[in-house]
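Accompanying notes for the structure given below.
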């Protein structure tokens, strides 16, 4: 059974991250989508814009997953780090 205070803290942290990240993410996505309409983009530039859009859409998918996940069923996995301390991160099955 999960500690109620811990669960609340996790929910609040996830909520804050999603809230403060989604606005700039949507602004960047919108700007890049508009940029694709520019007749001045060459093929290479268009590819770079599309690569950036793909990366930002993956980030948006992570935010959506975080917003909809059941905090009571969270799983963690080891995160390789340079330090001696073993770190754990949330397991996100994308």
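Summed over the range 83-94, the residues that are more than 16 Å from the chain's Cα centre (by Cα) and not in a strand (DSSP E or B) give a count of 4. Residues of the range 32-64 that are part of a helix (DSSP H, G or I) and without any contact (Cβ under 8 Å) to a residue 12 or more places away in the chain: 34, 43, 44, 45, 46, 47, 48, 51, 54, 55, 64.
Condition (residue is exposed (fewer than 12 other Cβ atoms within 10 Å of the Cβ), part of a helix (DSSP H, G or I) and at pLDDT below 85) applied to the range 65-82: is it met by at least one residue?
Within the range 65-82, one or more residues are exposed (fewer than 12 other Cβ atoms within 10 Å of the Cβ), part of a helix (DSSP H, G or I) and at pLDDT below 85.
Name the residues in the range 1-10 that are in contact (Cβ under 8 Å) with a residue 12 or more places away in the chain and surrounded by fewer than 13 Cβ atoms within 10 Å (Cβ to Cβ), would you?
Answer for the range 1-10, where residues must be in contact (Cβ under 8 Å) with a residue 12 or more places away in the chain and surrounded by fewer than 13 Cβ atoms within 10 Å (Cβ to Cβ): just 2.
Is it the case that some residue within the range 15-31 is free of Cβ contacts under 8 Å to residues at least 24 places away in the same chain and surrounded by 14 or more Cβ atoms within 10 Å (Cβ to Cβ)? So far as the range 15-31 goes, no, none of its residues is free of Cβ contacts under 8 Å to residues at least 24 places away in the same chain and surrounded by 14 or more Cβ atoms within 10 Å (Cβ to Cβ).
The values are calculated or read from the model by the stated rules, or taken from the named source; none is laboratory data. These figures come from a predicted structure and were not determined experimentally. Neighbour counts run over all protein chains shown; Cβ positions are idealised from the backbone, glycine included.
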